[in-house]
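Right, one structure below, let's go through it.
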Amino acid sequence: MKSLKIVLIHTFLLSALVVLAGCGGSQADKAAASSTSERIKVVATFSILGDLVQNVGGDKIELYTLVGPGSDTHTFEPSPSDSVALVEAKLIFENGLGLETWLDKLYTASGSQAKRVAVTEALKPIAMSKEGHEADGEFDPHVWHDVANMIQEVEVIRDALIAVDPASAKTYQANAEAYLSQLKELEAWVIVEVEKLPEARRKLVTSHDTFGYFARRYGFDVVGSGLGSTTEASDPSAAQLVSLVEEIKGARVPVVFVENVSNSRLMEQIAAEAGVTLGPALYTDALTDPGGDGDTYVKMMRHNVTILVTALSQ
Ligand SMILES: [Zn+2]
């Protein structure tokens with residue numbers, strides 16, 4: 001009897017404490033809690049797209065990027081925390097065009113109800129050539145190397161954020177406008193820089209086939225690549241390597257480039273066999289870690305164009 005009374009008293013005291021705790025807390029705590037809960041949770045599939053989304057979303061969103069800086073989207077393996085992020089998200093921004101081969105499975109397995117937005121949907125994709133490497137998809141997913149494509153993507157991101165969070169529409173519009181003016185300035189700069197390079201020197205050989213859109217937009221010729229359109233492809237056969245080396249020699253390409261998302265061994269071998277220079281690393285499918293000279297999309301493009309123009313001029 002006595003022990004039951006004690007239990008009841010304890011239960012009463014505990015309930016009282018819970019009620020008190022609920023009533024407590026300073027105004028500042030409450031404000032912080034409500035501003036956190038107002039931020040909408042958004043997922044971006046990879047670092048370059050994440051930078052665009054963050055620029056438009058600003059402090060109205062809480063962004064989770066699945067494939068971080070320096071990591072390769074083609075070979076990504078999701079972890080359980082990625083699944084949790086998808087479940088909590090309201091919106092998922094993805095590149096599409098076959099870049100995120102792992103996303104459908106991850107999305108279904110997570111049970112996420114988030115709206116998926118493929119930011120490339122309104123763009124004109126480049127079809128992959130039939131004689132490509134085995135792992136190539138139907139379309140070339142590397143749209144980001146053409147700044148004009150990113151300008152369109154920012155508009156898609158802005159509209160998608162406004163649709164799920166109309167209360168913050170003005171912020172998204174203002175953020176997008178400010179960022180679009182940076183991208184337009186970048187686009188004009190790229191065109192001026194590329195013009196410094198005679199057309200006959202605008203020839204690209206890189207680790208994997210990532211510069212199709214860049215070439216189409218800025219008048220370059222993609223002579224070849226070590227791998228296909230994805231870094232997932234197995235190393236080229238001896239015969240493929242011989243024909244690439246012949247093409248490099250035939251096109252008089254002075255320099256070939258490695259990339260931040262793939263290992264440099266293959267390009268070292270190709271450069272040695274073709275008797276050409278191995279250029280510095282280009283930032284192709286991922287940003288650099290924060291603090292690096294390619295930690296935003298704008299900086300990444302400036303880095304790549306500067307290296308290409310400098311190395312191919314020599
Ligand atoms: Zn790629």
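Read-outs throughout are calculated quantities, based only on the coordinates presented, and are distinct from any laboratory measurement. Fair warning: this is a prediction, and the values are worked out from it, not measured in the lab. Cβ sites come from the backbone with ideal geometry, for glycine too, and all protein chains shown count toward neighbours.
Region 137-193 has equivalent-ellipsoid semi-axes of 24, 18, 4 Å, by the square roots of 5 times the alpha carbon gyration tensor eigenvalues, sorted largest first. Here region 198-313 is assigned +1 on the Cβ of each Lys and Arg and -1 on the Cβ of each Asp and Glu. Its dipole about the Cα centre then comes out at about 480 debye. For Glu259, the amide hydrogen comes within under 5 Å of the amide hydrogens of Ser207, Leu282, counting only partners 5 or more places away or on other chains and with H modelled in the peptide plane. Karplus-based coupling profile of region 219-225, in residue order and whole Hz: x, 9, 10, 7, 6, x, 8, with θ = phi - 60° in 6.51 cos²θ - 1.76 cosθ + 1.60 and x standing for Gly or Pro. When the square roots of the Cα gyration tensor eigenvalues are ordered a ≥ b ≥ c, the ratio a/c for region 67-220 is 1.5 or more and a/b does not exceed b/c, which makes its shape oblate. Here the residues Leu63, Leu204, ranked from fewest to most Cβ neighbours within 10 Å of their Cβ, fall in the order Leu63, Leu204.
Residues whose amide H lies under 5 Å from that of Lys203, counting only those 5 or more places away or on a different chain, are Asp221; hydrogens are built 1.01 Å from N in the peptide plane. Kindly provide log₁₀ I(q)/I(0) values, in the same order as q = 0.14, 0.26 Å⁻¹, from the Debye equation applied to equal alpha-carbon scatterers of region 242-314. For the requested q values the scattering log ratios are -0.47, -1.14. For region 183-196, the Karplus equation 6.51 cos²θ - 1.76 cosθ + 1.60, evaluated at θ = phi - 60°, returns couplings of 5, 5, 5, 4, 4, 5, 4, 4, 4, 5, 5, 5, 4, 5 Hz by residue, with Gly and Pro reported as x. For region 211-314, the residue among Leu244, Val309, Val222 whose Cα projects farthest onto the positive side of the dipole built from Cβ charges is Val309. Ordering Trp189, Trp144 by the number of other Cβ atoms within 10 Å of each residue's own Cβ, fewest first, gives Trp189, Trp144. In the chain, the ratio of gyration radius to Kirkwood radius, Rg to Rh, stands at 1.13 when only Cα atoms are counted. Dimensions of region 182-314 from C-alpha coordinates, computed as largest minus smallest value along each principal axis and given longest first, are 45, 32, 22 Å.
Only one residue of Leu123, His74, Ala109 has its Cα farthest out toward the positive end of the dipole of region 36-187, where Lys and Arg carry +1 and Asp and Glu -1 on Cβ, and that residue is Ala109.
Where only DSSP H runs of four or more residues are counted, the chain gives -16000 deg cm²/dmol as its mean residue ellipticity at 222 nm, each run worth -39500 (n - 2.57). Past 20 Å, Cα to Cα: identify those pairs from Lys41/Lys115; Lys124/Lys299; Lys170/Lys299; Lys124/Lys203; Lys60/Lys90; Lys184/Lys299, in the order given. In this structure, Lys124/Lys299; Lys170/Lys299; Lys124/Lys203 exceed 20 Å between Cα atoms. Around Thr288, under 10 Å between beta carbons, what's the net of Lys plus Arg minus Asp minus Glu among the other residues? It works out to a net charge of -2.
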